[in-house]
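Structure first, commentary second.
Since every read-out is calculated from the coordinates, none of them should be taken as a lab result. Please read these numbers as outputs of a predicted model, since none were measured by experiment. Cβ atoms come from the backbone with ideal geometry, glycine included; neighbour counts cover every protein chain shown.
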Amino acid sequence: MPKIHSVEQGESLFTIATLYEFSNWKTIYYHDANARLRQQRPNPHVIFPGDQVVIPDRQLREEACPTDRRHNFVAKKSKVLLRIVVKNADGDILDSCPYALEVAGRIAKGATSGKGMIEEPVPADARNATLTLWLDEAGEGQSFCWPLEIASLDPVEYLTGVQARLNNLGYNAGSIDGIFGPKSRAAVLAFQKDYDLDPDAIPGPITQGKLKDQYGC
């Protein structure tokens, strides 16, 4: 029998698929029973606490094998690609900067691309990571360290989603608490002024759309 899963903060379709032992999140998201979810959340990577996800019955897979031999079957652990764009306070891309990304007890090292991009595969059920970035190409000078919350971004239609995007874009919206206080209002106003929007300090549909454009989702 299919189950109903109520989304909690910090969950994604990747973590939900892993929880129910599905190798691919698409099996869940594109199931006919989740048509309403797809309409409500057209971006499968941004869901919201309280969303109802139908978990279909798992289908057994059959393999034809000779019975007089020994066979090994390997189940691959699902991974997702974590993408981060790094900029300075002025909005300039930070390219060729060495970094170390620690997630699930492992550290991946590399350098940001010409677009300031970091791309690293992480476990599908990862929720937290730590990013350390050096400003010099040798990776020996000044560095910055950030704790990361994976899959915790809410849709931009919710105030928590607006606050998170503003904070990550360098505008101090304060705590991601869904309360539209002075810091959040000032952050919205600053963002609107930077992108030539009507400076009404209200995160309406136009401001939300520009936030999505600038943030990438």
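Numbers at a glance
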read-out	value
Per residue, the convex hull volume that the Cα atoms of segment 159-215 enclose (Å³)	64
Stretch gain in nm, segment E102-K115, where the contour uses 0.36 nm per residue and the Cα spacing is subtracted	2.5 nm
Calculated [θ] (222 nm, deg cm²/dmol) that DSSP helices of n ≥ 4 give over the chain, each run adding -39,500 (n - 2.57)	-6500 deg cm²/dmol
Label selected from (i) 17.2; (ii) 18.4; (iii) 19.7, the criterion being Kirkwood radius over Cα pairs in Å as computed here	(iii)
Ranked F22, F14, criterion: other C-beta atoms within 10 Å, fewest first	F22, F14
Gain on full stretching of the segment that runs from W146 to D194 - 0.36 nm per residue minus C-alpha separation	14.8 nm
Gyration tensor (alpha-carbon) shape descriptor, segment 3-55, a/c threshold 1.5	rounded
Fewest-first ranking of M1, M117, using other Cβ atoms within 10 Å as the exposure measure	M1, M117
Segment 119-217: radius of gyration and largest Cα-Cα distance (Dmax), Å	15.5, 45
³J(HN,Hα), Karplus 6.51/-1.76/1.60, whole Hz, each residue of segment 195-211, x for Gly, Pro	10, 6, 9, 4, x, 9, 6, 10, x, x, x, 5, 5, 4, x, 5, 4
Cβ charges +1 (Lys, Arg) and -1 (Asp, Glu), total dipole of segment 125-217, debye	300
Distance violations [Cα-Cα > 24 Å] among K87/K109; K87/K193; K87/K210; K3/K212; K109/K183	K3/K212; K109/K183
Percentage relative contact order, segment 1-141, counting C-alpha pairs under 8 Å, at least six apart	24
